[in-house]
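The values are calculated or read from the model by the stated rules, or taken from the named source; none is laboratory data. Keep in mind it's a predicted model, so treat the numbers as computed, not measured. For neighbour counting, all protein chains shown are included, and Cβ atoms are generated from backbone atoms with ideal geometry for every residue, glycine included. To get the accessible areas, we keep the full protein, side chains included, count just its heavy atoms, and leave off ligands, DNA and RNA. Shrake-Rupley method; radii C 1.70, N 1.55, O 1.52, S 1.80 Å.
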Amino acid sequence: MHGLRVMPGGRPGGGLLYVSRPDGRAVAWYDRRTHRISVLADEHREAVLAVLRPYVTGSVTVGPPPVPTAADLRRLALPPDADLAPNRPGERLLGELEHGAPVGARTRHRLRADLTARTRMGDALDALDADGWHTLHDVPLPGLGILDHLLIGPAGVFCVRTVPARRQRATIGDLLLTLGRTPPRPDPRWLRQASAHVARTLQVPTTPTLALPDASQIEIAPTARATIRLLTPPTTTQDLLSTPPTLKRPEVETLFALSRDAGTWLGGGRAA
């Protein structure tokens, strides 16, 4: 078979590579996390292996697709417009900047600073995909607004709020965050509320997590440190991969399949 092409699945850098015919129909896929190539028909096997050869590292297993899990079936039944997985970091901000109503220069500058911070943090979280983690961006939480990032992996479920620190000192209390000499903002309180909402919806423990890109210094009250996790883009991978695991891979995949469905959040409860 000639004319096969390799396409990434989901966001760039994700764990899946699809092999498709010129008409767009997939004939195989390569899961880089499990080192498995699934071929839909044995007649395509040699052509698939040839086109994937530049992308394969180490030994791989080649065979028919595995039996779908409950998480796979949920993902396959998910309408594209209800799937949160393709969201980019700061998806809503991108929409406001590109298609929203005209705003003043100061507001536009603030939106761009927020977008830059969320993109940096989102890229750091997405880089964990190869280690069995999944990240969703711009998750809608009714009554609370948008959760910047929802991270699901072996170490658990993390609700991440990203705040651009702009080289200022960050002081974190139980309820308020202060950046430099700017007025205090209620991010710690909001983050706990959002994390509690996610925990109720998914019926799993969650960790409120505050990301502060470019903070010159971070001070956190002892009582806040006990309940809020801190992340910065340069140390995210090391911090999270060194956290003891609490979830097995099937649990991670089930939670991700549930969380990527916008109906899970807009419906207000966990589906069976």
(message) Exactly one condition in (1) under 18 Å from the mean Cα position of the chain (by Cα); (2) assigned to a helix (DSSP H, G or I); (3) surrounded by fewer than 19 Cβ atoms within 10 Å (Cβ to Cβ) is false for Gly122; which is it?
(response) (3)
(message) Need the failing condition index for Pro213 against (1) closer than 16 Å to Ala117 by Cα; (2) open to solvent by less than 10 Å² (accessible area, probe 1.4 Å); (3) modelled with pLDDT of 95 or more, just the number.
(response) (3)
(message) Can you pull out every residue in the stretch 93-110 that is surrounded by fewer than 18 Cβ atoms within 10 Å (Cβ to Cβ), part of a helix (DSSP H, G or I) and either in contact with a strand residue (DSSP E or B) (Cβ under 8 Å, 6 or more places away or on another chain) or not small (Gly, Ala, Ser) (or both)?
(response) Glu96, Leu97, Glu98, His99, Arg106, Thr107, Arg108, His109, Arg110
(request) For Ala47, state whether it is open to solvent by less than 50 Å² (accessible area, probe 1.4 Å), assigned to a helix (DSSP H, G or I) and farther than 21 Å from Val6 by Cβ. (result) no
(request) Find the strands (runs of 3 or more DSSP E) located wholly in the stretch 139-202 whose residues include 1 or more that are over 19 Å from Gln217 (Cα atoms) and either open to solvent by 60 Å² or more (accessible area, probe 1.4 Å) or touching a Pro at 6+ places or on another chain (Cβ under 8 Å) (or both), and list them. (result) 145-153, 156-162
(request) Give the residue that is surrounded by the fewest Cβ atoms within 10 Å (Cβ to Cβ), with candidates limited to residues of the stretch 75-92 that are in a loop (DSSP other than H, G, I, E, B) and among the hydrophobic types (A, V, I, L, M, F, W, C). (result) Ala77
(request) Pick out the one residue from Thr246, Thr227 that is surrounded by 12 or more Cβ atoms within 10 Å (Cβ to Cβ) and under 19 Å from the mean Cα position of the chain (by Cα). (result) Thr246
